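None of the figures in this text is laboratory data; all of them are computed from the coordinates on show. Not measured: the values here are computed from a predicted model. Please note: Cβ atoms are built from the backbone with ideal geometry, for glycine as well, and neighbour counts cover all protein chains shown.
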2 protein chains.
Amino acid sequence: MRIALDAMGGDDAPGVNVDGAVAAAQANPDLQVTLVGDQPQLETLLDATGFSSPQITVHAADGFVGMDEKPTDALRKKPQSSIAVCWQLMANREVDAVVSAGNTGGVVAAGLRTRLFLSGVKRPGIAVVLPTRRGRAVLMDVGANPAARAEHLYQYAWMGSIFAREMLGVETPSVGLMNIGSEEGKGVDLVREAHGLIAGSSLSNHYIGNVEGRGLYTGDADVIICEGFVGNVVLKVSEGMAAMMMDMISREVMDCLDAEKPNAAQAFRTIGKRYEYNEIGGAPLLGIDGICLICHGSSDARSIANALRGATTLRDRHVNTHIVESLANGCPTPG
Amino acid sequence: MRIALDAMGGDDAPGVNVDGAVAAAQANPDLQVTLVGDQPQLETLLDATGFSSPQITVHAADGFVGMDEKPTDALRKKPQSSIAVCWQLMANREVDAVVSAGNTGGVVAAGLRTRLFLSGVKRPGIAVVLPTRRGRAVLMDVGANPAARAEHLYQYAWMGSIFAREMLGVETPSVGLMNIGSEEGKGVDLVREAHGLIAGSSLSNHYIGNVEGRGLYTGDADVIICEGFVGNVVLKVSEGMAAMMMDMISREVMDCLDAEKPNAAQAFRTIGKRYEYNEIGGAPLLGIDGICLICHGSSDARSIANALRGATTLRDRHVNTHIVESLANGCPTPG
């Protein structure tokens, strides 16, 4: 498995990326990581780890897309930026996967312009795994496609189902459509049209129809589909709310404790870690002919190592093959 | 102040509505509440409270819009349903306000068909007050207008600002536009166009531009504007997540405590109540020529009483007059 790691991407780049690559390479002898970015800097960091093996190489890039830069402008000004070079390596079949903790808009924009789409796929979308009362749910799309058409949402229902089945081990994932009411006919044209496409397909056996916002965290469906604007807002509102609630609750509860304060502090740390920790290490951009995992900007070395392993798992479970087959073969029911 | 209360609306109707009306009337001798709904049932309930005063009267209606009914169908089949009659009373100027804990879609649909809009208002929208790290923020619209145009969002920026100033006491509220990136030019056409309208108006002094989902709960702006589909999903996702986190955190923290368990239990109860308690008692449908407060379906008598008081406050603070003046007078800066 050959992976291009956008070594300049993320809040703590490039250090955590180099450390994550070394950890992942040590754990998996079949993994080959190409660190893409500032060559002298990356070579110095790699030397400092003491890890010397052909498993990790450095590939030069010129600049990177900053976390606050406008992606299209940055990519135009810096055509050899680290994320652009990662995608060029995948387009040239020199690597099998791209992993980045950089500017999400930059990762997506650089990827979409390669037009490296799986056969039959109209538009790739980002899937994330979120905790729910019943376990976990896949939310898709969370921002790759903020002006989605109904057929895109329909394809996301397939991609999300296959991802949930192969990566979360849900045999026949239930699918819901994010809407502002549960009755049929609710919502805007886009959602009504997508509802018709999904309900009229062989996914209908596992399709539970409209799901309101509340249903995401009650775990009403294993897979919840929405267009990218809504999904991105939902994901970021959730992050903000989780952080606010953890802070507020822990402060108020700790204030009312005395001798047992350390026990509660430990419980809060465990809960906080669980929210931070992401076993797949990143969110896949599904629909790409190749593998792309987008990591949180605040990723540490452990998250990067998880993402490198997650990319390998996506390949091993043949997620892309299943997507192409489902979209081509009249969409057989998953599972 | 004369208020029509949709006595049949809400999960615990009509009991909590009658009790809430009695509590509010006892606290405010100037309040006149018309309980709208099933006359014999309401008269029996009112008699049982022992409160006998011309402050509370009963007005007959025929049926109601159920919480799971499709609003437009229900209103067609039941033209004399409790919420429809409430709006008729306001259209006839027999009451100054409508309060309902019923089906939100039904409250809005029945209201919009009266075309009882304030002068200059294109489309009413629902504003809610949410807790943030810095205090409180107004989110608007949360579902009245799921296919908003840019000029609607622009008007919501004005209405939300006036609401925040008059009801939350923020002298010059900052306004943000919910978007999927903070850079200018981000997002979909609707949002870009709304951005231009707000930035080009006299609101620009207090306009902070795009706010990402995370900024809602970090308190980046006092007022955050979005179209109704996004706002409704955000509101309901937030409700679901808050409930899930409270349950999960309280269970895990309680499990690790011993003698100090009761202290923590008390802290969790206090926090939970704070999230439930809503000092305004409901979310106003702003832009209506009259006052409309929409309460949560799970409202208890205290919430209903708060909403009846909240409606009075909206009148006393001249929120509607300020909205009409702002939209008419070339939109002077608020405050």
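A few remarks follow.
- Förster radius 56 Å - calculated FRET efficiency between A:Asp12 and B:Ala259 (Cβ-Cβ, nearest 0.05): 0.85
- Bridge type composition, chain A - antiparallel percent by DSSP, nearest 5: 30
- Candidates A:Met245, A:Met140, A:Met167: whichever shows maximal mean-square fluctuation once chain A is modelled as a Gaussian network with Cα springs under 10 Å: A:Met245
- Inter-label distance, B:Ala48 to A:Ala147: 5.7 nm, where each label sits 7 Å from its Cα along the C-beta direction.
- Projecting label points 7 angstrom from Cα along Cα→Cβ for A:Ala243 and A:Thr172 puts them 4.1 nm apart.
- Shown here is the pair-distance distribution of the protein assembly as shown: with all Cα-Cα distances grouped in 10 Å bins from zero up to the longest one, the shares run 3, 15, 22, 24, 19, 10, 4, 2, 0 percent.
- Taken residue by residue and averaged, Cβ atoms of other chains lying within 10 Å of the Cβ of B:178-188 number 5.
- Each residue of the range A:1-158 gets 144 Å³ once the volume of the Cα convex hull is shared out per residue.
- Residues whose amide H comes within less than 5 Å of that of A:Ser174, counting only those at least five positions distant or on another chain, are A:Asp222, A:Val223 (H built at 1.01 Å from N in the peptide plane).
- Residue among B:Asp141, B:Asp258, B:Asp30 with the largest mean-square fluctuation in a Gaussian network model of chain B, springs linking Cα atoms under 10 Å: B:Asp258
- Diffusion coefficient, µm² s⁻¹, Stokes-Einstein with Kirkwood Rh over alpha-carbon pairs of the range B:73-162 at 10 °C and 1.306 mPa s: 109
- Working from Cα pairs under 8 Å separated by at least six residues, relative contact order for the range B:126-278 is 30 percent.
- Candidates A:Asp68, A:Asp189, A:Asp220, ranked by Gaussian network fluctuation over chain A, Cα under 10 Å, top entry: A:Asp68
- Within the protein assembly as shown, helix-based [θ] at 222 nm, where runs of 4 or more DSSP H residues each add -39,500 (n - 2.57), nearest 500: -15000 deg cm²/dmol
- In the protein assembly as shown, the DSSP beta bridges split such that about 30 percent are antiparallel, to the nearest 5.
- Kirkwood-type radius of chain B, with distances r between different C-alpha atoms, in Å: 20.6
- Cβ crowding within 10 Å averaged over residues, with B:129-139, A:33-43 ranked highest first: A:33-43, B:129-139
- One decimal place: the segment A:Glu184-A:Ser298 gains 37.0 nm when fully extended, by the rule 0.36 nm per residue minus the C-alpha distance.
- Across chain B, the relative contact order, built from alpha-carbon pairs under 8 Å that are at least six residues apart, equals 23 percent.
- Here the range B:126-278 is treated as a Stokes sphere of Kirkwood radius computed over C-alpha pairs; at 10 °C and 1.306 mPa s its diffusion coefficient rounds to 96 µm²/s.
- From the largest down, the range A:206-335 spans 63, 36, 27 angstrom on the principal axes of its Cα atoms.
- DSSP beta bridge pairing in the range B:126-278, given as percent antiparallel to the nearest 5: 40
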